[in-house]
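Participant: Please read through the structure below; I'll follow up with questions.
The values are calculated or read from the model by the stated rules, or taken from the named source; none is laboratory data. What you see is a predicted model, and the numbers here were worked out from it, not measured in a lab. Cβ: placed from backbone, ideal geometry, glycine included. Neighbour counts: every protein chain shown. Areas reflect the complete protein model, heavy atoms only, side chains present, ligands, DNA and RNA absent. Shrake-Rupley method; radii C 1.70, N 1.55, O 1.52, S 1.80 Å.
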Amino acid sequence: MSKIIHPTFKAKLVAMICLFHVLSISAVSFLNYQRYSRQLTGQTIGQTQQIIEQTGANINTYLNELNRLTLAPYYNDDVLGILENPPASTDRQLASKRTVEDFLAFVMTLPRDEILRVYIMNAENIYSYTRTPYEMEDYSSYQESTWYRQALSGTKPIYIPPHLEKAFGSKEIPIFSIVRPIRSKNNNNLVLGVIKVDADYSGIHKICDRVELQEGGALLIINDQNQIIYESDGQLSTDFLSSISPSPKDWDGHFYTDMQGRKYIVNHYAIASSGLKIIALNSYEELMQPVRENMQKTIFLASVCIAASVIFFTFFIRKFLAPLAEIIRLMRSVESGDLGVHAPVRTEDEIGYLTISFNTMVDNLGQFL
C-alpha cells in the first residue's frame, strides 16, 4: 500500500499565498478589462454617432446646394425670356435652343462633376445638356411622368430618390434627381417650365471618403430600397443588410450584430429629406485588440511578479519557519529517548515562547527519569 504524502505546512502556506496572488491579480485584470472595454466601446459609439451625424449634415448641405442650383434660370433673363415667349421662326428656335443649352452646360453642368444631365422642359420644348450617351428613361414621355405633373402643380423642389439608370455603358448606376418648377417673374402663377437635374453619387462619395473610422470599420450609404450607394470597405456582401438594418422607426442610434462569425457595433443615422441612411460598422474584435494586448501584457507582468513573489516568500517562509523546523527535529530526538537536547532561543516572539516552552518540557521530563 502506497504511503500518502501530506504537504508540509510551508508548502501549504506558499500555495495559499500563490493562490491569493493569482486570484486577486486575475480578478483585477478581468475587472479592468471589463471597465476599459465598456469605456472604449461607449467612447467609440459616441464618436462614431457624431461622425455619421456630421456626415449626414454635410450630405444634406450638399443636396441643398443642388436644390439652390435649380434656381439658376431665375438669374438669366435670356433663358426666362425664351421660356416665356418661345420664338416662332425656325432660325430663332435653333438660336434659342443653343442659348438655353449653353446655359445648362456652362452654368450648371460643367462646374459640377456629379451632374450628369440637366433638362428644362415645358409643353412645347425640351432643352438638355448631358454628359452621358443616355438620356433620362422617360425622355420621350416626360409630360406623363409623375414628377413632371407634380412640379407643374407645386411650388417646392421635388427630390426623386435614388434609382438605377444607364449612364456610361450597359451597367445601371444609382442616380438621384431634383426637379423644380420655373415660374415667371412677372406672374408667379404662370409656370414657364420644369428644370430637372440628374446626378450620380460622386459628390456624396467625396464627402464620405473624408470620413475616418476605427481600424476595421466601414461606412455605408443605402437608399430606401436597400441599395448600396456608397461602401468604404468594398468587401461586404449585399445580403448582410438584412442583419444590420434596424426597424424603420428606429433609425438613429446603435446596436450590436454578428456577421460572418464576427461581432460588430453598428451606428446608424437617417437623412429624412433624401431617404438615405448612413451605417457605420466597427469591428468589436479590432476595437478590443488594444485592450486585449494590454491585458496580455498585464498578465505577463503579473506572472513575473507572482514568480518573484513565490521565490521571495519561499525564502522568507523557510527562514521564518527555521526555528519551528529545529524544534520538530529535536522533538523527534526526544521521542527517541534523548532528553539532553535544547533548542536555541533566537527571538522573543511567539516562536521564541514556543522554544522556551519546549526546553521547559524537556527539562521536566528529565526530572522524572
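Participant: Report the dimensions of the range 25-107 along its three principal axes from the alpha-carbon atoms, largest first, rounded to Å.
Facilitator: 94, 16, 14
Participant: Okay, next question. Mind checking the full-extension length gain between V22 and K206? Use 0.36 nm per residue of separation minus the Cα-Cα distance, one decimal, nm.
Facilitator: 60.9 nm
Participant: How large a share of the accessible area of the range 122-188, in percent, is made up of carbon and sulfur atoms when the probe is 1.4 Å and the other protein chains stay in place?
Facilitator: Its accessible area is 48 percent carbon and sulfur atoms.
Participant: Mind checking the range 330-369 for GluC sites (Glu not before Pro) that DSSP puts in a loop (not H, G, I, E or B) and that have at most 11 other Cβ atoms within 10 Å?
Facilitator: E348
Participant: Once each part is reduced to its C-alpha centroid, what is the distance from the range 349-366 to the range 281-322 in angstrom?
Facilitator: With the range 349-366 and the range 281-322 each reduced to a Cα centre, they are spaced 43 Å.
Participant: Then there's this: My understanding is that a pair violates if its Cα-Cα distance is over 24 Å; which of K171/K263; K97/K156; K97/K171; K12/K319 do that in this structure?
Facilitator: The pairs that break the limit, which is 24 Å between Cα atoms, are K171/K263; K97/K156; K97/K171.
Participant: To continue, here is another question. Mind putting a number on the dipole of the chain about its Cα centre? Charges go on the C-beta only, +1 for Lys and Arg and -1 for Asp and Glu, and I need it in Debye to the nearest 20.
Facilitator: That gives the chain a dipole magnitude of about 900 debye.
Participant: N76 to N125: FRET efficiency via 1/(1 + (r/R0)^6), r the Cβ-Cβ distance, R0 22 Å, to the nearest 0.05?
Facilitator: After rounding, the FRET efficiency stands at 0.85.
Participant: Which residue fluctuates most in the GNM of the chain (Cα springs below 10 Å): P162, P174, P344?
Facilitator: Checking each option, the largest mean-square fluctuation is seen for P344.
Participant: By per-residue mean of other Cβ atoms within 10 Å, what is the highest-first order of 67-80, 262-275?
Facilitator: 262-275, 67-80
Participant: Nearest 0.05, what FRET efficiency do R346 and S37 give at R0 = 56 Å with Cβ-Cβ as r?
Facilitator: Here the calculated transfer efficiency is 0.60.
Participant: Need one number: convex hull volume per residue for the chain, Cα atoms only, in Å³.
Facilitator: About 234 Å³ per residue, rounded to a whole number.
Participant: Treating only the Cβ atoms of Lys and Arg (+1) and Asp and Glu (-1) as charged, compute the dipole magnitude of the range 155-236 about its Cα centre; round to the nearest 20 debye.
Facilitator: 780 debye
Participant: Another question about this same structure. Order these peptides, 15-22, 217-224, by their mean beta-carbon neighbour count within 10 angstrom, highest first.
Facilitator: So the peptides 15-22, 217-224, ranked by packing, come out 217-224, 15-22.
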